[in-house]
């Protein structure tokens, strides 16, 4: 390389570094400031809730209020952390800037009235939202958007927990199971440190957890010596932490799916969850499982701080799972991580007695290891344990985190994570499949079958999920008449976010239906034979960016298709009559044939082609 070329390369690198510094520093400082305001607000609303226990009874109404806000203006942001992970893997629709204020306010409201949710989801979404907004404003390229979104995650996580190195590694590790994304290594570390510094500069501090145990059971031995017996006990505890994280993740997903089926109205689900949470409070006779759970409203109650003390709390971890799963599954906003810290520390506290291990060490290990299993981030959680509890117990922290990670299976709280290195062999798993896909492929051994499906008349029973289908030997060569009639089909391509506003002003914006729904209803009124709307799964339209579904919600930028079938003249008349709705849409016409099979009088099959005189001819006989 010539000196001039070498100098030119160095200047180019310096220019890139200056560009990223100019972007990262204000983004990280902004995220750190918002996290400081958020943490201060959480402390204030927690004090208010402790002083006013009656606020719990307004939890259902508070949940409905938050649900309605998301229903009206926050649907593109409902994907939460999974949406950000999806956008890093496949930049497309982007992360809406409105996500930051929505999640900040809704999380504070949830904590004020006692929902058992965390704060990590809020911090990550704030960071991702700010980063996404800056990326759009600066018209960054897709690869640059990915880096900036990882920067936002690192800044939010590092600032909200006071663990900048763990926050940076978390942003790189959470994307893919078994693989660390090094593309944004330096930007993520820089952003996490700046955000954490900014948060502290505003006077916000984090609770210090006291861990008296240091490295070895006997005094006078150097810190990094390892007790083999204690290490074996830590490995056993790691298995328990991994299985518990699997239990939590699966319960959260399954109860969430059940809640959506039982109550399809999203904004109404928090009301049901709020009532059930109030019932749980009276069932347990305790309010220790509401909110973050870092401290307890009563001295000696179940809390993360108290789990490091001498008292034992046998089943606090199980009750916290119930409270948190109910809150998250029914739509309360926040996150899972701080409740996971509570559950892990409580489980470690409970295991310390049967394992004859130090209580504070086991609580600290559960604190980070359960999160490692649920988030599939063992390296980040090991570093978090070192930042929170010191380096003396690094061997025990790493053992607990990595064993929990291996035992948590292909599940987790972030279903948009891709599987880079499978923990175990999964047949038919495509490359870079998501955890959601892996869960769909996982064999289900048993399922409920209703009496109509062959169960006993006295109720349902468990039957094998996979059964052998009987062969149908009915002959298919009987004589029938076959009539073919010409019809047509049009396909109208659009984006789900497009709406047809029938009224002007605010009333129209709030009351109008999505365009695809309006078209189907108008097709029914016009007498068309068939009209359906299809969500596409992967692709692009009008030379735009390649899109794919987002987590939890449909991607508003992904192409939709409305398909209509009927006589050609009827379809033409429909398009003319509804031109205002179809203007500038991609519409494709295709010639079809409608075949009608009827019982013949014997002899060979007869094929007769006819034209359709009116749509009624295509209706199946009743």
Quiz item: Counting only residues that are surrounded by 22 or more Cβ atoms within 10 Å (Cβ to Cβ) and under 20 Å from the mean Cα position of the chain (by Cα), how many does the stretch 169-211 have?
Solution: 8
Quiz item: Within the set of pairs 6+ apart or on separate chains, which have a first residue in the stretch 297-314 that is at positive phi, a second that is exposed (fewer than 13 other Cβ atoms within 10 Å of the Cβ) and part of a loop (DSSP other than H, G, I, E, B), and C-beta atoms under 7 Å apart?
Solution: 300/311
Quiz item: For the stretch 242-261, which residues satisfy the criterion of being in contact (Cβ under 8 Å) with a residue 12 or more places away in the chain and farther than 30 Å from residue 397 by Cβ?
Solution: 255, 256, 258, 259
Quiz item: Looking only at residues in the stretch 396-431 that are without any contact (Cβ under 8 Å) to a residue 60 or more places away in the chain and not in a loop (DSSP other than H, G, I, E, B), which one is surrounded by the most Cβ atoms within 10 Å (Cβ to Cβ)?
Solution: 397
Quiz prompt | Per-region count, the stretch 328-345, residues in a helix (DSSP H, G or I) and in contact with a helix residue (DSSP H, G or I) (Cβ under 6 Å, 6 or more places away or on another chain) | solution = 10
Quiz item: residue 133 passes all but one of (1) farther than 26 Å from residue 338 by Cα; (2) modelled with pLDDT of 90 or more; which number fails?
Solution: (2)
Practice problem: Within the stretch 593-622, track down each residue that is surrounded by 14 or more Cβ atoms within 10 Å (Cβ to Cβ) and either part of a strand (DSSP E or B) or at pLDDT 75 or above (or both). | Solution: 594, 596
Quiz prompt | Hits in the stretch 52-107 - residues which are modelled with pLDDT of 90 or more and outside any helix (DSSP H, G or I) | solution = 52
Quiz item: Is it the case that the stretch 346-368 has a residue that's out of contact with any helix residue (DSSP H, G or I) (no Cβ under 6 Å at 6 or more places or on another chain), crowded, with 24+ Cβ neighbours inside 10 Å, outside any helix (DSSP H, G or I) and modelled with pLDDT under 95?
Solution: no
Quiz item: Looking at residue 393, is it touching a strand residue (DSSP E or B) at 6+ places or on another chain (Cβ under 8 Å) and buried (at least 24 other Cβ atoms within 10 Å of the Cβ)?
Solution: no
Exercise. Go through the stretch 513-527 and give me each residue that's without any contact (Cβ under 8 Å) to a residue 60 or more places away in the chain, part of a helix (DSSP H, G or I) and either within 15 Å of residue 493 (Cβ to Cβ) or touching a helix residue (DSSP H, G or I) at 6+ places or on another chain (Cβ under 8 Å) (or both).
Key: 516, 520, 522, 523
Quiz item: Of 153, 165, which residue is within 22 Å of residue 334 (Cβ to Cβ) and either in a helix (DSSP H, G or I) or in contact (Cβ under 8 Å) with a residue 60 or more places away in the chain (or both)?
Solution: 153
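The values are calculated or read from the model by the stated rules, or taken from the named source; none is laboratory data. No experiment lies behind these values; they were computed from the predicted model shown. For neighbour counting, all protein chains shown are included, and Cβ atoms are generated from backbone atoms with ideal geometry for every residue, glycine included.
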